[in-house]
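The values are calculated or read from the model by the stated rules, or taken from the named source; none is laboratory data. Everything quoted here is computed from the prediction, not taken from an experiment. All Cβ positions, even for glycine, are placed from backbone atoms using ideal geometry, and neighbour counts span all protein chains on display. Just the protein is used for accessible areas: all its heavy atoms, side chains included, with ligands, DNA and RNA removed. Shrake-Rupley method; radii C 1.70, N 1.55, O 1.52, S 1.80 Å.
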Amino acid sequence: ETAVSLSNVRKTYRIGEPVHALDGVSLEVPRGSYTAIMGPSGSGKSTLMNLVGCLDTPTAGEVVVGGRAIGDLGDRERTRLRGTEVGFVFQTFNLMPRLNALENVALPQLFQNVGRAERRERARDLLERVGLADRADHLPNELSGGQRQRVALARALVNDPAIVLADEPSGNLDTDTEADVLDLFDEFHAAGTTMLVVTHERHVAERADRIVHLLDGRIERIEELDGAGSDG
Ligand code: ADP
Ligand code: ADP
């Protein structure tokens, strides 16, 4: 079964000279798989993630997420799909500065039909899983970079999305914190979540089943990794 499928996808930005950020990309992402996306700056990684994350629509071709072709959907439907099917961990965290950790994690549920008490309980549960139960009342600027990253991760997971998208998830993290975040990804992957992770770091990418290498808006090659243990 397919979680995400891209068929001959093009994304062209027209600001002056047209830029083909993606130029004929086809990719099948099986349910429950763990895919890393690598490529130099400007190769189209963020554009790809924004499409799969239902933040944008393709110029041509088709992007299917959770069985829906996102180009056919209105803004409202895409917002809903984003809230339920996809959890997005942004490079810059995008936490709300005036909301504490718990409130930030609870936020995506506002768009669901879930009562306040249940929202808080669920957010607390997620904060616990990322090891931040004791920081629930802290504002983002009272947390370290790694803690903010874990809050962002908890928020991405609070609606139990089928697909988790992470753009440079360990970009600003120290080694220990990075290992914690990657271990969490492994946990969710083991539980059946489809993982799609953009990274510049080879050792981060090697947690995945396969690495998709992008170059100039095209798939240059797909590298299959034999994930079976990797310590064997
Ligand atoms: P990275 O290499 O870490 O992805 P970039 O600087 O390439 O960082 O892109 C950061 C964000 O800025 C991307 O999400 C992209 O959508 C946006 N962006 C990149 N280039 C442009 C541009 N020329 N005009 C407008 N937005 C851009
Ligand atoms: P990457 O994430 O691999 O760095 P991006 O997807 O951010 O690459 O960008 C791919 C290309 O598209 C770059 O040339 C970038 O300048 C351009 N681009 C990205 N987003 C925008 C945007 N919103 N407007 C115009 N150009 C953009």
**Asked** Of all the residues that make up region 43-74, how many are part of a loop (DSSP other than H, G, I, E, B), modelled with pLDDT under 95 and within 16 Å of ligand 1 (Cβ to nearest atom)?
**Response** 5
**Asked** Could you count how many residues in region 47-77 are within 25 Å of Arg14 (Cα to Cα) and surrounded by fewer than 20 Cβ atoms within 10 Å (Cβ to Cβ)?
**Response** 16
**Request:** May I ask you to list pairs of residues, at least six apart or on different chains, whose Cβ atoms are under 7 Å apart, with the first in region 1-27 being part of a strand (DSSP E or B) and the second being within 12 Å of ligand 1 (Cβ to nearest atom) and among the aromatic types (Phe, Trp, Tyr)?
**Result:** Val19/Tyr13; Ala21/Tyr13
**Fill in**
The residue that is nearest to Arg119 (Cα to Cα), considering only those in region 132-161 that are in contact (Cβ under 8 Å) with a residue 40 or more places away in the chain, aliphatic (A, V, I, L, M) and open to solvent by less than 30 Å² (accessible area, probe 1.4 Å), is Val158
**Request:** Would you please name the residue that is farthest from ligand 2 (Cβ to nearest atom), looking only at residues in region 31-42 that are polar (S, T, N, Q) and part of a loop (DSSP other than H, G, I, E, B)?
**Result:** Ser33
**Request:** For region 1-37, enumerate the residues that are touching a Pro at 6+ places or on another chain (Cβ under 8 Å) and within 15 Å of ligand 1 (Cβ to nearest atom).
**Result:** Lys11, Thr12, Leu22
**Message:** Within region 61-81, does at least one residue satisfy the condition of being within 12 Å of ligand 2 (Cβ to nearest atom) and in contact with an Asp or Glu (Cβ under 8 Å, 6 or more places away or on another chain)?
**Reply:** no
